[in-house]
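What follows is a single structure, written as structure tokens, with notes after it.
The values are calculated or read from the model by the stated rules, or taken from the named source; none is laboratory data. Computed from a prediction, not measured in an experiment: that's the story for all the values here. No Cβ is skipped: glycine too gets one built from the backbone with ideal geometry, and neighbour counts run over all protein chains shown.
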Amino acid sequence: MIVLNLKCENCQNEFEGWFSSSKSCDEQIKKGFVECTRCASSKIQRGLSRPNVSVKKGSAESGEKVIKELKSKIKEINRFIEKNCDYVGDQFSYEARRIHYDKIKKKAIYGTASKDEIKELNDEGIEVASIPWVKEEN
Ligand SMILES: [Zn+2]
């Protein structure tokens, strides 16, 4: 699952949506399944896959709370991935291609890849999702 920033072309409302991949997001927008949370228009633009959370001055407390909750949600996703996917480290693009072309195993994998590697994989039709990762702290 990835979080994508979405923007309504009609009323300029910005909101977020959860999708299995950016490809599935694009498909759902194309089919008109994604609606603006404010005006219900289905003219939606997709933004970047890693939303930045900014904290407004004067609302530090609620901002901190949002970030704390966000981090705990991301950790939940991270734990889910660790449990259900094989870690392949920096061999990610190699392993992703092996699965795609040789169809050797079905299990999902996770690991690290550069922006260029992810772009190459996407160009080859290999579905890759970028997921924010929260380091365990204190
Ligand atoms: Zn709207």
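A few points about this structure:
- For region 8-38, residues that are farther than 25 Å from Phe80 by Cα, within 16 Å of the ligand (Cβ to nearest atom), of a type in the set (D, E, K, R) and out of contact with any Phe, Trp or Tyr (no Cβ under 9 Å at 6 or more places or on another chain) total 3.
Table: residues versus (1) modelled with pLDDT of 90 or more; (2) in a loop (DSSP other than H, G, I, E, B).
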residue: Arg97; (1), (2): yes, no
residue: Lys106; (1), (2): no, yes
residue: Gly125; (1), (2): yes, yes
residue: Val128; (1), (2): no, yes
residue: Trp133; (1), (2): no, yes
residue: Glu136; (1), (2): no, yes
